[in-house]
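The values are calculated or read from the model by the stated rules, or taken from the named source; none is laboratory data. Because the structure is predicted, anything quoted here is derived from the model rather than measured. Here the Cβ positions follow ideal geometry from the backbone for every residue, glycine too, while neighbour counts run over all protein chains shown. Areas reflect the complete protein model, heavy atoms only, side chains present, ligands, DNA and RNA absent. Shrake-Rupley method; radii C 1.70, N 1.55, O 1.52, S 1.80 Å.
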Amino acid sequence: MAERKGEISRKTNETSVSVSVDIDGTGTGKISTGVGFFDHMLDQLCRHSLIDMHIDVKGDLHIDDHHTVEDTGIALGQAISKALGERKGITRYSSIDLAMDETMTKAAIDVSGRPFLVWNVNFSAPKIGTFDTELVREFFQALAQNAGITLHVLNHYGANNHHIAETCFKAVARALRTATEIDPRQANRIPSTKGTL
Ligand SMILES: [Mn+2]
């Protein structure tokens, strides 16, 4: 099978982002965005998707974390899309209900080529440490748009905002892992009656 790797460098006046991914990796990451909580979340995404990720970001953190988080989502999404190529042989669909202590969150994915985010997650506080909780949605919006995936995230319940955020990243990671894995029963076909994704 051909390697499924993608690399993106993206530079604006706000951020400088360099991302590389290997879809068929082992969940090995080298992640540095300058935002501690975000690095912790990206580590989860990498580890539980088994997609190797090198992410290096220098952003305008003196303003706030917004541009850094959003632009990381854009570049990571583009790198994943590039790595998937014409999306031949992928499992395409996956969903999981992911539990972590008192919190449960669902992620459902269609690696469709059609970007869409349905976000049904509420936080009870505006911050986790210094991190703005609203940026969790911003990240997944940028990821879904640029990876060309339909992504639904639903928090069923939970009390702790760190857990709520972390289950979003872990659930998306596990769903992404399965949906991008090669389906051995149709490894050489694009999984669509249209013949294209
Ligand atoms: Mn944690």
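Some observations on this one:
- Residue in the range 133-166 that is nearest to the ligand (Cβ to nearest atom), counting only those that are surrounded by fewer than 17 Cβ atoms within 10 Å (Cβ to Cβ) and not in a helix (DSSP H, G or I): Asn160
- Among the residues of the range 9-24, those identified as open to solvent by 20 Å² or more (accessible area, probe 1.4 Å) and within 17 Å of Ser49 (Cβ to Cβ) are Ser20, Asp22, Asp24.
- Sole residue being of a type outside the set (Phe, Trp, Tyr), within 16 Å of the ligand (Cβ to nearest atom), surrounded by fewer than 19 Cβ atoms within 10 Å (Cβ to Cβ) and not in a strand (DSSP E or B), chosen from Ala171, Ala125: Ala125
- Annotation: of all residues in the range 71-97 being open to solvent by 60 Å² or more (accessible area, probe 1.4 Å) and assigned to a helix (DSSP H, G or I), the one that is nearest to Ile164 (Cα to Cα) is Gln78.
- Any hit, the range 46-62, residues being over 13 Å from the mean Cα position of the chain (by Cα), within 16 Å of the ligand (Cβ to nearest atom) and crowded, with 22+ Cβ neighbours inside 10 Å: no
- Qualifying residue in the range 30-42 (condition: surrounded by fewer than 16 Cβ atoms within 10 Å (Cβ to Cβ), in a loop (DSSP other than H, G, I, E, B) and touching an Asp or Glu at 6+ places or on another chain (Cβ under 9 Å)): yes
- Qualifying residue in the range 112-119 (condition: in contact with a strand residue (DSSP E or B) (Cβ under 6 Å, 6 or more places away or on another chain), assigned to a strand (DSSP E or B) and open to solvent by 60 Å² or more (accessible area, probe 1.4 Å)): yes
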